[in-house]
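J.: This is the structure I have questions about; it appears just below.
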Amino acid sequence: MFDRLQVMLMKEFLELRRDPWAIFRLVVPLVIQVIVYGYAATFTVNHAAMAVLDLDRSQASRNLISHFVATGRFYIIDRSDSETEILRTIDTGRATVAILIHAGFAQALQNGQSAPLEVVVDSTNSNTALIALGYVGQIVSRFETDLGDTSMLAPARVAPATVNLSLQVRPWFNESLDDRWFFIPGVIGTLTLMQVVSLTAFAIVREREVGTLEQVMVSPIRPVEFILGKTIPFFLIGLGDILLVGVIGVVWFHIPFVGSFWLMLFSACLFLLSALGLGLLLSTFSYTQQQAFALTFFLINPLFILSGFAFPISAMPKVLQWLTFINPLRYFLVVIRSIFLKGVAIEVLWPQLSGMAALGAGMLALSVIRFRKSLD
């Protein structure tokens, strides 16, 4: 028994040694995923985009703004001149947090009265919103302590005023900060990507593995027709998945849908083109279903991590942030959440739609070229 076991072990090691690609699949993907998870898998919010409207224009208001910047948690992308302009930055997704300092802020602090500070938070991502609000509270508390320790609000002959800030929080698009409102629209993209990529890659590889691919190609059917015949059913399946999960989210989980159904359908089609192109591209690198499974597993996890589904992209290192631009799931999650919760139109979402269209066309073209070469 032990002799046969020893022989089997020697055979397996010899086969592994003769297959460099197998060693690569066992080692390199694991290392890369550990690195990606180590850097990207964080709920810490760093360098969140913030817009500021300072109607007081006093030393106290400037000191408060400097407290936000000094922490490194926020960076100012816009200093607005009106409330309409600052709210526009939240509506379009350019800023996560908006600070509104009303006129009379410094005077109220000096008189020991309540000084209103208005904070508007984009709660589309409820997790990021909650964390950002926690940081805002800490920063305001530190500002209040610093003002109490100094006499910057009053002349030297006057005793320091009692600081009394009144914080008014207005969560937009998700007033109850319900996590489901954030996760359910994201699940639409992640589940669809996983299923469409897997089905496309496995179906074509299965044809090659069982030997029927050659039989099909010697028939009168052309390669382009074969590719279309294989991908169109999966396109329809993916579209059905998006509609099914969307209906479940709205009916069962009571997720609000305030946007355009036709815009969602159009964006879903662009996203599915990218998923089909990726699945077809994987099939050109795989000769067995095991290889297709390994490649799919290796790509899906990084695509999920680098999509912004659970972890804010702004908290990732710059290199990983650049990598997210070649991830179609990143664009689709922004689109689907904005359509569901914000009801924004194509005028706002055209950068994400253009990104999905470019990625879809590029991956489909590359995968078709490689697939034709693999047939030759």
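J.: Could you go through region 198-203 in sequence order and give the Karplus-derived ³J(HN,Hα) for each residue, using 6.51 cos²θ - 1.76 cosθ + 1.60 with θ = phi - 60°, rounded to whole Hz, and x for Gly and Pro?
T.: In residue order, the calculated couplings are 5, 4, 5, 5, 6, 5 Hz.
J.: If packing is taken as the mean number of other Cβ atoms within 10 Å per residue, what is the order of 281-293, 55-67, 77-89, highest first?
T.: Ranking the peptides 281-293, 55-67, 77-89 by packing returns 281-293, 55-67, 77-89.
J.: Follow-up. If you take the alpha carbon radius of gyration of region 179-375 and divide it by 2.2 N^0.38 Å, what ratio comes out, to two decimals?
T.: 1.06
J.: Right, here's the next one. For 234, 271, 298, which order do you get if you count the other beta carbons within 10 Å of each Cβ and list the fewest first?
T.: 298, 234, 271
J.: Report the normalised scattering of region 264-376 as log10 I(q)/I(0) at q = 0.11, 0.16, 0.19, 0.20 Å⁻¹, calculated by the Debye formula with identical scatterers on the alpha carbons.
T.: -0.40, -0.79, -1.03, -1.11
J.: Here's something else I'd like to know. If Lys and Arg each add +1 and Asp and Glu each add -1, what is the summed charge of the other residues whose beta carbon sits under 10 Å from the beta carbon of residue 123?
T.: Values: positive: 170; negative: 122, 175, 178.
My count for the surroundings of residue 123 gives -2.
Every number in this text was worked out from the coordinates using simple rules, so none of it is lab data. Predicted model, so just to flag it, every value in this text is computed and none were measured. Every residue, glycine as well, gets a Cβ built from its backbone with ideal geometry; the counts of neighbours run over all protein chains shown.
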